[in-house]
1. With r defined as the distance between the Cβ atoms of Ile714 and Ser670 and R0 fixed at 25 Å, what FRET efficiency is calculated, to the nearest 0.05?
2. What's log10 of I(q)/I(0) for the range 312-359 at q = 0.18, 0.26 Å⁻¹, Debye sum over Cα points only, no solvent?
3. Would you calculate the separation in nanometres between label points at Tyr187 and Lys373, each defined as 7 Å from the Cα along the Cα-to-beta-carbon direction?
4. Can you give the FRET efficiency for Gln476 and Glu449, using 1/(1 + (r/R0)^6), R0 = 25 Å, r = Cβ-Cβ distance, to the nearest 0.05?
5. Can you give the charge dipole size of the chain about its Cα centre, rounded to the nearest 20 debye, using +1 on the beta carbon of Lys and Arg and -1 on the beta carbon of Asp and Glu?
6. Give, as ranges by residue number, the residues of the range 356-383 whose backbone N falls under 13 Å from the point 7 Å along Cα→Cβ of Asp405.
7. Treat each spin label as a single point 7 Å out from the Cα along the C-beta direction, and report the Asp16 to Lys825 distance in nm.
8. Stick to Cα atoms and the Kirkwood definition of Rh, then tell me Rg/Rh for the range 711-777.
Amino acid sequence: MKTIDVRAKFLEFFEDKNHKIYSSMALTPDDPTLLFTNAGMVQFKDIFTGTLPVPKNPKATSCQLCVRAGGKHNDLENVGYTARHHTLFEMLGNFSFGDYFKKDAISHAWEFVTKILKLPADKLWVTIHDSDDEANEIWKKYIDPSRIKRFGDKDNFWSMGETGACGPCSEIFYDQGVENFNTSEDYLGGEGDRFLEIWNLVFMQYNRDKNGNLNPLPKPSIDTGMGLERVQAILEGKINNFDSSLFSPLTAEIEKLRNKKIDENSVNSHRVIADHLRAVSFMIAQGVMFDKEGRGYVLRRILRRAVRHGYLLGFRKPFMALLFDKLNAKMGNHYEELAEKADYIKEQMSLEEQRFFKTISSGMELFEVELKKTKEIFSGAVAFKLYDTYGFPLDLTEDMLREKDMKADIAKFDELMSEQRNRAKANWKGSGDKATDGDFKKILERVGENEFVGYEKISHQTKISALLDENFKEVQELNGDGWVMMEETPFYAKSGGQEGDVGEINGFVVTDTNKFFGLNFAEVKNANLKIGDEVKAIVKNRDEVAKHHSATHLLQMALREVLGDNVSQAGSMNDATRLRFDFTHPKALSREELEKVGNIVNDLVAQAIEGNVEELPLDIAKTKGAIAMFGEKYGDKVRVVEFGKSVEFCGGTHIKNTAEIGSFYITKESGVSAGVRRIEAVCGVSAVKYAKSFMTKIAEIKLEVKNKNPLLGIKRLKDEIKSLKDEMKLLQNATKKELESIKIGDVNLIVDIIENGDIKNIIDEAKNTHEKVAILILQIKGNKLVIASGVKNAPIKAGEWLRTVAKIVDGKGGGRDDFAQGGGKDVSKVEVAKSEAIKFAKAKIF
């Protein structure tokens with residue numbers, strides 16, 4: 001078996017050819033058209049589309065983590081049942097932004113495949129677009145012409161969308177052998193697995209306009225993608241990716257956990273779990289949270305599909321976290337977030353598994369019951385109930401049906417889902433995100449990024465370098481609302497949870513500050529400004545924002561001290577009036593815990609700790625114990641903000657000394673989603689206002705309770721209420737009716753109608769008095785009837801008894817076998833109800 005490190009060899013190969021190595025971008029791209037990063041070119045999309053200018057080095061290479069489990073690119077249903085589909089995979093790629101084209105792209109690919117990977121040439125085949133004579137002539141220098149096949153647009157033409165960059169592509173295939181695959185579909189271009197695509201070279205040479213015309217690009221580009229998992233399997237002589245060293249340690253660990261060998265009945269479940277463990281681990285490591293919608297729901301679907309397959313293998317409690325260390329050992333060296341977030345990943349997986357294991361048995365029972373009634377099409381209503389009540393994603397139900405060669409009624413499921421969404425739609429307010437389609441590329445090419453000087457100053461004399469109108473179109477002069485870019489700016493752009501600065505530019509109001517493609521723009525209202533104007537920019541909200549941002553850092557440290565190091569930031573918001581901090585924790589904080597957290601923060605404030613901010617190499621910052629933001633990708637150098645033991649990576653603005661915070665109050669603690677809590681708090685001026693509001697309320701309470709000491713006043717009122725209750729009890733007892741009692745065998749049967757008294761107390765007294773008793777009391781209250789029943793050591797079920805009686809008086813109720821309560825609307829039938837109650841009880845006792 002070849003043990004070549006394909007990932008390392010690929011990146012080294014292209015670095016030697018002057019390509020810049022880019023690290024894998026986040027799985028959650030800042031792109032409204034994508035749920036997840038699904039290809040290596042995603043991080044270069046703005047360059048390919050012309051939104052951003054070409055970088056200094058126009059050649060790039062990367063190994064990109066990709067997820068295809070939602071939206072247009074969804075491989076989830078195939079995972080575990082085919083040899084090559086995965087929810088998470090690594091895509092190796094090399095890219096040229098208007099630099100080299102087909103000749104070098106093909107040359108590089110052939111050299112890497114045959115010289116570095118040493119794949120035999122007689123096992124390789126190539127496909128090209130049927131119109132691409134240029135690629136054909138180049139390929140003929142490397143491979144026998146008989147091994148070059150032409151295909152049409154469906155197979156060998158790539159486009160980014162209906163319009164925009166596009167072009168022919170050329171794919172390299174590896175022949176896995178007729179001895180392994182010999183079905184009617186095992187030909188080049190067929191659906192079989194004999195000819196396995198390992199590398200796709202996309203030649204971006206056209207721009208498709210809205211009329212469908214292909215116009216040649218002045219500087220064609222290259223985008224390639226190679227599947228690491230497929231190549232690794234080939235190098236190891238495996239015809240199934242899951243049998244390679246990337247997955248076999250995981251499937252072996254599953255075998256070990258269940259203490260059973262893989263067989264033909266369990267192999268698919270082992271593969272599903274191994275694949276889904278990878279996807280779930282990386283998604284959690286990069287900040288995706290389990291949720292009811294969006295990315296969090298895809299994460300939930302993947303994990304629950306894995307748990308369901310674990311259920312088939314015999315697991316009845318969380319098991320995914322027990323497999324994680326094997327994955328970390330395999331991939332943690334290259335992807336450090338796995339090791340850094342190991343405890344958190346395992347904790348979150350286990351919590352979600354626990355939630356699903358609570359309902360999976362009931363859901364499986366419902367599924368099996370409906371399955372027995374199903375001939376061809378499984379009920380869409382039941383599929384929706386499995387989703388809505390038991391947490392079974394639709395594709396999980398479809399997965400189970402697939403094993404029975406059945407399908408679900410998707411139309412009915414969609415109808416019920418649509419009804420549910422329409423009920424929720426009224427509450428949706430939109431994302432509120434700023435548009436990012438505009439003339440940013442022109443500005444980047446003309447003046448480049450502007451400089452932020454706001455760490456040192458909140459007022460700055462500078463010059464306007466660009467102006468945008470409300471629609472983000474560049475203008476030379478702005479008269480009204482729009483966006484201002486200055487050569488140097490003191491305004492902090494919204495980022496890392498900190499709201500954008502507000503203030504003024506030459507007296508014109510700045511309402512927000514945002515960053516677009518690295519350009520810092522201040523939003524202005526009713527302004528009259530021109531490019532080149534000398535202006536004075538003044539930040540108005542900085543002090544209070546800085547207080548809340550620094551307090552957030554102290555809050556995170558306090559939470560970790562009280563709750564443990566597994567607490568991680570899951571989101572934050574800081575503005576001039578408040579802070580909001582979301583963090584991972586499985587349950588609500590107790591009053592004592594909240595008090596401890598608040599006290600720790602205020603102690604740190606009182607200690608007047610000097611802040612320290614410095615830029616450090618990433619590895620040195622980590623050795624200092626600096627806390628990173630979830631899902632954030634950092635460069636070689638990072639900004640570290642330090643207040644004593646609080647050390648965090650942060651690009652925001654902060655106070656100089658913790659004493660500036662003044663006071664800190666937690667105003668609210670609540671749940672955001674499963675495993676995520678939220679604390680809201682105030683400090684600085686807002687804390688003073690908050691404290692004053694409480695003082696005002698206390699003054700009002702003093703007036704209401706007529707006592708300068710409100711606690712004494714409240715105690716006096718409570719004593720008065722207790723005294724009145726005691727008097728009422730005495731009055732009720734004085735007029736208490738002697739209840740009618742019948743002895744049936746050794747059971748005391750009590751059924752009666754009363755005018756006053758506490759029914760529950762009466763029943764409790766009867767139970768305490770008699771060893772064996774069945775009691776049902778009816779009480780008229782206004783135009784309604786109250787009913788309660790109790791049973792002790794008698795052959796009657798209180799709930800069944802009460803429901804029978806309640807129907808007579810047009811009522812209902814329920815409860816336990818020993819106590820039940822309910823009511824009725826028809827008081828005219830109270831005597832009939834009493835008679836029926838006695839009749840029912842006698843029948844049961846005899």
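1. E(calc), rounded to 0.05, equals 0.40.
2. -0.58, -0.91
3. Result: 4.8 nm between the two label points.
4. E between Gln476 and Glu449, to the nearest 0.05, is 0.75.
5. 3280
6. Flagged as within label range: 376.
7. 8.6
8. Values: Rg = 16.5 Å, Rh = 14.0 Å.
Reported Rg/Rh (Cα atoms, Kirkwood Rh): 1.18.
The values are calculated or read from the model by the stated rules, or taken from the named source; none is laboratory data. All values reported here derive from a predicted model rather than from experimental measurement. Every residue, glycine among them, receives a Cβ derived from its backbone with ideal geometry; neighbour counts consider all protein chains shown. Ligands, DNA and RNA are stripped out before the accessible areas are found, and what is left, the full protein with its side chains, is counted by its heavy atoms. Shrake-Rupley method; radii C 1.70, N 1.55, O 1.52, S 1.80 Å.
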